[in-house]
Amino acid sequence: MKRLTQAPNIALATLWADMLTQAGVDSSVQRYFASSIAGDIPPDQALPEVWVHDDAKLDDAKALLREFQHPPWRHWMCRGCGERIDGPFEQCWQCGAAMPA
């Protein structure tokens, strides 16, 4: 098991670990409750961490994490309602139509 990264909060750590696991890289969150003792230990020791279970998949996990942190930015027009969609979204926020291929 190797540490992939520290996360700024437990929500992001859990999200990243779940996304990695769904992508085929088994991972878990360590120091889940360490924030409760942040005043008693150094702040950097209280941050949650994402760990990869298989050491051989660490490089794959690093690449996936970069993709999660920097999603593609797109501009497209919804064919259903004509709304302009900006950002990494693949579905129209107004009518729910999927992004055209």
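Here are some notes:
- Test for D26: is it surrounded by 14 or more Cβ atoms within 10 Å (Cβ to Cβ), out of contact with any Pro (no Cβ under 8 Å at 6 or more places or on another chain) and on the phi < 0 side of the Ramachandran plot: yes
- Flag if W73 is of a type outside the set (G, A, S) and at pLDDT 90 or above: no
- Neighbours by Cβ (under 9 Å, 6+ apart or cross-chain): first from region 26-55, in the same structural domain as A13 (by TED's automatic domain parsing) and over 19 Å from R66 (Cβ atoms); second among the β-branched types (V, I, T) and part of a loop (DSSP other than H, G, I, E, B): A34/I41; H53/V25
- Scope region 58-76; condition out of contact with any Ser or Thr (no Cβ under 9 Å at 6 or more places or on another chain) and surrounded by 13 or more Cβ atoms within 10 Å (Cβ to Cβ); matching residues: L58, D60, L64, F68, W76
The values are calculated or read from the model by the stated rules, or taken from the named source; none is laboratory data. Remember, it's a predicted structure, so these values are computed and weren't measured experimentally. Ideal geometry is used to build each Cβ from the backbone, glycine not excepted, and the neighbour counts take in all protein chains shown.
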